[in-house]
Each structure stands twice: as structure tokens, then as C-alpha cells.
Amino acid sequence: MAGSEAAWQAAEMGVPVVLYEMRSVTATPVHKTDRCAELVCSNSLGNNLPHSAPFLLKEELRKFNSLVIGAGDHHSVPAGGALAVDRELFSQEITERISNHPNITLKREEAVEIPDGRPVILATGPLTSPNLSNAIAKIIGQKYLYFYDALSPIVDANSIDYSKAFFASRYDKGGDDYLNCHMNKEQYLNFVHELNHAKKVPFASFEKAIYFEGCLPIEELASRGEKTLAFGPMKPVGLPHPETGKQSYAVVQLRRENKEGTAYNLVGFQTKLTYPEQKRLFTMIPGLENAEFFRYGAIHRNTYINAPSLLSSNLDLCSHPGLYFAGQITGVEGYVESATLGLLAALSAAKRIKGEKFVPPPMDTAMGALYRYVTTKCSNSYQPMNINFGLFLVKEMKIRDKKVRNQKIAENALESLSRWMDALNEEVKSAI
């Protein structure tokens, strides 16, 4: 996400870009194609409800004609209040637009070392190749931080028993966008019991299980209490059964993977269970008794740097000016958040090339909130973070209603961003 967005934004600003993509020459543990911006986890780009922090971040990126958000809007699939995409068409469009841009040279080779003498953006993501990872470690002079992320299974739509499921969105937001498999108390408790005793993929002896709290494996959630899943990814609230009108004890939601509706992913069912156990456990879900899986869930290690202690206000290394970092490797979590850091790094690098000063986005905007998070030193341990209103630097508002307050924050943010963009445009006109 970050590399594709960075290349596109810099190229749109008239800067010649060389973009390195090692796939398909060198594979990664989880990628399946050689396309740019391939989605390897969820196909959701997050909450798309007005006046939420994730929606605001998308709106700000739309004002910059974001490549990632543009492709997401073009190839969205029904997902209630979220922006989910057809992952094949999404990455295909991004790859085609990058390949055809006159200012971008796409090189299909692995970058094993960091070039000197010109601005470089490292947007290598959580699956940085060992060679480049070692090169980065030498430059930053410290070990990476890390956490474990997991992928949700994908089911063949033709293998689902639709008589045991129903289409609906929680609280009717978005229409009949999700397929819901309901469970009674006995079915749910039996599922949790089996989940707690299922075989998991073990960690290496030297590794510690560190998870991103916003994307925990279902077996980790189940281990925290019998009812944890029923208050998490399997919560039944807002999803009454259409025939009885009653609320189930638990609900498993499935979301479309593509526009044709030939595949569904199990929402929130990221896991490190072994493949045979996934087959056994997930076919216990009503409606999935005969399910065929296009992809089982998996777990992979995400690495990131301690950005606040390393990056300058320009998003480059304090020790190596002109060497920028962007995306998930900086410690932001999420596709859209990664694209945002790609955009900002590209803007900063382009300013450097043109001999101009980079002015970061206002801190009361979503883009500014993420920028501030990765560049401001804090006393607490640095952890991956999604966009949220808690990151915004805003004046105190004496508004008790949370929805009204968030709406006001969002409105102010877009106004503030517009003023910042107007100033950037004036600089461009002056330079011309």
C-alpha cells in the first residue's frame, strides 16, 4: 500500500520514480501474486461510516486523488459500514496504473541494499526480505520490533448451506451485505471448548507471542474467557434472525471476497490453528458443514521500527537524511494508514528534491494524527496503531454527545486540511 501510493504521488508531482517490486522474482510467505498492493489479510479497508476516524482518513486521501482509495472505491464490494474490495481487481488496477505511468519505472527485482546519493523511500511492509531487512538493521543500529498477524480463511460460496444462514448487516447498516451463520448457546459453547483444545502452529523456541490487540487470533480470544468471542467477532447484537426476530447467542459473519460473490471470508476469524484443525473447527459452524476452503487462515510475523526514536520531522532517518520510511514498517497498522504514510513520505521526498521545505499536515487532521504518532517520542512502549480520534491534537470541546463531538472534529479536520492543501498549491504556483 505505502510503496504504491508513494510512487504514484511522487510521480504525479512530476518526480521520476524507480519502484522496486521483488515479486515474482522473490516470493514471500503469504503473497500469492506479483501484483502491487496485493491484500494478504482482510479485504476490508476499514470503517466507511461518516464522521468516524477511518472514514475521515479516507476522505483526506481522496482529496489527494489517492491511488489506493481510488482503486478501493472503484472495486468495492458490499460490506455494510466498511469499505471492502474485490482484492483481485483492486491490485490489478493499481498495478496497471503504476506500470503505465510515464514517470514510474517498475523494476521486477529484489532490492538487497539501500542506494546512496538520492532520496529513497523504504516502504517494504511487514514482510521485508531478509537481505533488505539486514541492511535496514545495520543502518538503524537496532533490532526490529515485531508482532504477529494472522489471516482469515476464505470459503467457496458454492459449498455454503444457505438454508442455515441469512443475509443482513448489523443494525441494517449497508443492506444485506453479510452472510450470517447463527449459533445457539450449546453450539457456541461446544465450538469454544473445541477451539481451546485445538492444535495450533507452534512458535519457534526463541520467539515470544506478541499480537496486535486489534487483530487477535480467535483462539487467543477464546483463551481469555468463555464469552469473549460472543462479545467480539461473534457478537450477535444488531443481527436478529429474520424469521423469528430473536437474537442468536452468537453469530459468525461472512463477507464477500469479490464482486461475483463466489468467495467469502470469515470476518474476524484470523487464526494460527493447523489446517486440519481449521477444517474440523470451522465446519462446526451452522451452514459451513460442507465448506470448501480456497484459503485457510495463517499467521505471519510483522516487523516494524521504533519510528519515533529514529525518524525526523521529515519522515526520514535522523542519522541518514533523505532515507525515508513509510507504511506498516513505521508502526502504523492498516492498509489505509500505510497508504497515508506513503503519501506523506512521497510529499516530503519530493519537497527535498525540489529544494523546498516539507510542512507536515495539521495535527487536527487524520493525516496529521498519524504523522504525529510516528514522529513524536513517547514514554510508553511503541506499539502498532490504527487511526482513531485519540491520536488527534484538537482543542477541548465541551460537547457531551460523542457522535456530535466526532462530527465536529471531522468537519474541522477537513477544513484544516483544505487550508493546508491551498498553501501547498500556492507554493507550486509560486515555483512555476
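Since every read-out is calculated from the coordinates, none of them should be taken as a lab result. Note that this is a predicted model, so its numbers are computed, not measured. Glycine also receives a Cβ, built like all others from the backbone with ideal geometry; neighbour counts cover every protein chain displayed.
Around the Cα centre of the chain, unit charges on the Cβ atoms of Lys, Arg, Asp and Glu (plus for the first two, minus for the last two) sum to a dipole of about 960 debye.
Give me the percent relative contact order of the chain, please, defined on Cα pairs under 8 angstrom at least 6 residues apart. Averaging sequence separation for qualifying contacts and normalising by length gives 22 percent for the chain. Relative to the longest principal axis of the Cα atoms of the chain, the long axis of helix 402-431 lies at roughly 30 degrees. The Cβ shell under 11 Å around G327 holds other residues with a net charge of -3, Lys and Arg each +1, Asp and Glu each -1.
In a solvent-free Debye calculation with one equal scatterer on each Cα, what is log10 I(q)/I(0) for the chain at q = 0.10 Å⁻¹, listed in the order of the q values? For the chain at q = 0.10 Å⁻¹, log10 I(q)/I(0) is -0.73. The stretch between K402 and L89 holds 109.0 nm of extra length on full extension. This uses 0.36 nm per residue minus the Cα-Cα distance.
Net length available on complete extension from Y171 to T33 is 46.0 nm, with 0.36 nm assigned per residue and the Cα-Cα distance removed.
The alpha-carbon atoms of region 244-310 define a convex hull whose volume equals 194 cubic angstrom per residue.
Mean projection of the Cα convex hull over all viewing directions, computed for region 60-178: 12.1 nm². Averaging the sequence gap over all C-alpha pairs within less than 8 Å and six or more residues apart, then dividing by the number of residues, gives region 334-420 a relative contact order of 33 percent. Each Cα pair under 8 Å and six or more residues apart adds its separation to the average, and for region 151-300 the resulting relative contact order is 42 percent. A Förster radius of 22 Å, combined with the Cβ-Cβ distance separating I139 from E109, puts the computed FRET efficiency at roughly 0.60. Legend: residue pairs K235/K377; K227/K395; K58/K377; K357/K403, Cα-Cα distance threshold 29 Å; pairs beyond threshold, K235/K377; K227/K395; K357/K403. Measuring between their Cα centroids, region 275-301 and region 215-266 lie 14 Å from each other. For region 1-42, compute Rh as the Kirkwood radius over C-alpha pairs and then the Stokes-Einstein diffusion coefficient at 25 °C and 0.890 mPa s; write the answer in µm²/s, rounded to an integer. It diffuses with D of about 213 µm²/s by this estimate. Note down the net charge around R256, summing +1 for each Lys or Arg and -1 for each Asp or Glu among other residues with Cβ under 15 Å from its Cβ. Cβ neighbours under 15 Å give a net charge of -3. For a straight C-alpha distance cut-off of 17 angstrom, the aspartates and glutamates reachable from K259 (same-chain residues fewer than eight places away being disregarded) are E38, D73, D86, E88, E93, D156, D176, D177. Amide H to amide H, with H built 1.01 Å from N, N306 comes under 5 Å of L145, counting only residues 5 or more places away or on other chains. With semi-axes defined as the square roots of five times the eigenvalues of the C-alpha gyration tensor, the equivalent ellipsoid of region 151-300 measures 25, 17, 14 Å, largest first. Approximating the spin labels as points 7 Å out from Cα along Cα→Cβ, the K227-to-S159 distance works out to 3.4 nm. Local charge for K164 was computed over the other residues whose Cβ lies under 14 Å away, with Lys and Arg +1 and Asp and Glu -1, and equals -3. Could you give the angle, 0 to 90 degrees to the nearest 10, between helix 2-12's Cα long axis and the longest principal axis of the Cα atoms of the chain? On a 0 to 90 degree scale, this one is about 40.
Counting every C-alpha pair in region 94-145, the share spaced more than 19 angstrom apart comes to 39%.
Measuring r between the beta carbons of K354 and M284 and using R0 = 60 Å, the FRET efficiency lands at 0.50.
Between the C-alpha center of region 311-365 and that of region 1-71 there is a gap of 15 Å. Distance between the modelled labels on K63 and N196, one decimal in nanometres: 5.0 nm (7 Å Cα→Cβ projection).
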